[in-house]
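In what follows, a structure is listed as structure tokens, so that the remarks can point back to it.
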Amino acid sequence: MNICDEETHLCFVYDYNLQYIDLFPNEIKDLTVLVFDKEGFLYRVYKDEADTTFPAGYTMKVSLEENEYTFVVWSGLNHDDFITNTFTRSTTCIDDLFVEIICKEEQGKVKRKIPSLWHGKLEKKWDKSTPDTIRLTKNLNTLRIIMKNLDDEGDEIDIHDFDVVLNCANGIYNYGNEPFEEPFDYYPYYKTNHPQTGAIAELNTLRLMAKQKNTLKIIHRETGENILGKDINLNTYFEALRLLQYEDMPLQEYLDRENHYGIIFFYKGFNKDNPSFGGFNVEINGWTIRDQDIEY
């Protein structure tokens, strides 16, 4: 193999969003780049961190022998929120690489605000000709859930009477950003009641996958009843309530590009002594489904 006699560069882009603009200089402030050789073993590790975020036009200097490599990039990989392998050159194998969210309260349950996490991957034969670009995917999603009673004669809904739980198999990832099929429950990090808006809960989850169920339930604490009737697969609603301009986009691409969801459940006839809702309408990001016969 030949040693490159000049430093070469990596460029990073985060335009995999619904704005289709590069938000890398707005959001990314740290990078961990793992370089694996063609046999799949760790060859180099590069790290960099900015005081706030990286400037526009940022590149990372690297020096590698001309060979075939796989670059795996993580941003937001802090030790307080995520665990991963010990990176050991010539020992760490790419197939064993993992990133897992830390469940601080109870295994399989996440009840806090999660910091943003990004992933990128590039496979190529390395040379020093031109800078190579690694595109990033944002794994973090934020859901703001509102329960609103539309009946003026009914009782107000108190968010603290309910457990809002989102179940997703997305807490552990391999090198390709594919999650292991191990379920995690995500709980709100913020709950409040607003006199005009309604009962509000906000929670995070990691990468939403189209091929897996992402199920939501709202449990009344006193009775243990799921007031949605049953666990609902949010993918069904995400699929149905996309704007017209995104309807031909594969669902997985849409879920990767969209990172914020406002979900409103409109109820009629809420009685705090008998919190059983006969029906509800659901609105996601401004679009409403009124047909409760939707297949979950």
With unit charges on the beta carbon (Lys/Arg positive, Asp/Glu negative), name the residue among Tyr246, Leu42, Thr215 whose Cα is farthest towards the positive pole of the charge dipole of the chain.
Leu42
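Report the gain in length on full extension from Cys93 to Leu23: 0.36 nm times residue separation, minus Cα-Cα distance, nm rounded to one decimal.
Values: separation 70, 0.36 × 70 = 25.20 nm, distance 3.12 nm.
Additional length available on full extension: 22.1 nm.
Using a probe radius of 1.4 Å on heavy atoms only, what accessible surface per residue do you get for region 132-226? Whole Å² is fine. Could you put the intermediate results ahead of the total?
Working: 4060 Å² over 95 residues.
Accessible area per residue, region 132-226: 43 Å².
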Over the alpha-carbon set of region 165-264, work out the extent along each principal axis and list the three values in angstrom, largest first.
41, 33, 24
Select one label from (i) 39, 27, 17; (ii) 25, 22, 20; (iii) 43, 19, 16: the one whose number is semi-axes √(5λ) of the Cα gyration tensor in Å as derived from the coordinates shown.
(iii)
Got a sec? Which residues in region 93-122 would a label at Ile83 touch, if it sits 7 Å along Cα→Cβ and we count backbone N under 17 Å?
96-111
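Please list Thr32, Thr236 in order of solvent-accessible area, largest first, computed with a 1.4 Å probe with all protein chains present. If you can, show how the numbers build up before the last one.
Values: Thr32 15, Thr236 40 Å².
The ranking, largest first, comes out as Thr236, Thr32.
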Give the share of C-alpha pairs in each 5 angstrom bin for region 108-214, from 0 to the last occupied bin, in whole percents, shortest bins first.
2, 10, 17, 16, 13, 11, 9, 7, 5, 3, 2, 2, 1, 0, 0
Ignoring everything but the protein chains, give the 1.4 Å probe accessible area of Lys211 in square angstrom, nearest 10.
150
Convex hull over the alpha-carbon atoms of region 66-124: what's its volume per residue in Å³?
105
Based only on Cα atoms, what mean projected area does the convex hull of region 25-150 have, in nm²?
11.1
How large, in percent, is the carbon and sulfur part of the accessible surface of region 46-171 at a probe radius of 1.4 Å?
43
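At 0.36 nm per residue, minus the direct Cα-Cα distance, what do Thr223 and Ala56 gain on full extension? Give it in nm, one decimal, please. If you can, show how the numbers build up before the last one.
Details: separation 167, 0.36 × 167 = 60.12 nm, distance 5.35 nm.
The span from Thr223 to Ala56 would gain 54.8 nm if fully extended.
Too long at a 26 Å Cα-Cα cut-off: which of Lys29/Lys113; Lys111/Lys148; Lys124/Lys211; Lys61/Lys125?
On the way: Lys29/Lys113 18 Å; Lys111/Lys148 23 Å; Lys124/Lys211 28 Å; Lys61/Lys125 17 Å.
Distance filter (> 26 Å) returns Lys124/Lys211.
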Rolling a 1.4 angstrom probe over the protein chains, ignoring ligands and nucleic acids, what is the accessible area of Leu216 in square angstrom, nearest 10?
0
Accessible area per residue, Å², region 1-118 with all protein chains present, probe 1.4 Å:
52
Helix-only CD estimate at 222 nm, as mean residue ellipticity for the chain, using -39500 (n - 2.57) per DSSP H run (n ≥ 4)
-1500 deg cm²/dmol
Taking a probe of 1.4 angstrom, what is the accessible area of His194 in Å², to the nearest 10?
80
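If you restrict to DSSP beta bridges whose two residues both lie in the chain, what percentage is antiparallel, to the nearest 5? Write down the numbers at each step before the final one.
On the way: 68 of 82 bridges.
So the antiparallel bridges amount to about 85 percent of the total.
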For region 159-208, convex hull of alpha carbons as volume per residue, Å³:
70
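The values are calculated or read from the model by the stated rules, or taken from the named source; none is laboratory data. The structure presented is a predicted model; accordingly, all values stated were derived computationally and were not measured. Positions of Cβ are generated from backbone atoms using ideal geometry, with glycine treated the same way; all protein chains shown enter the neighbour counts. Side chains included, ligands, DNA and RNA excluded: accessible areas come from the protein's heavy atoms. Shrake-Rupley method; radii C 1.70, N 1.55, O 1.52, S 1.80 Å.
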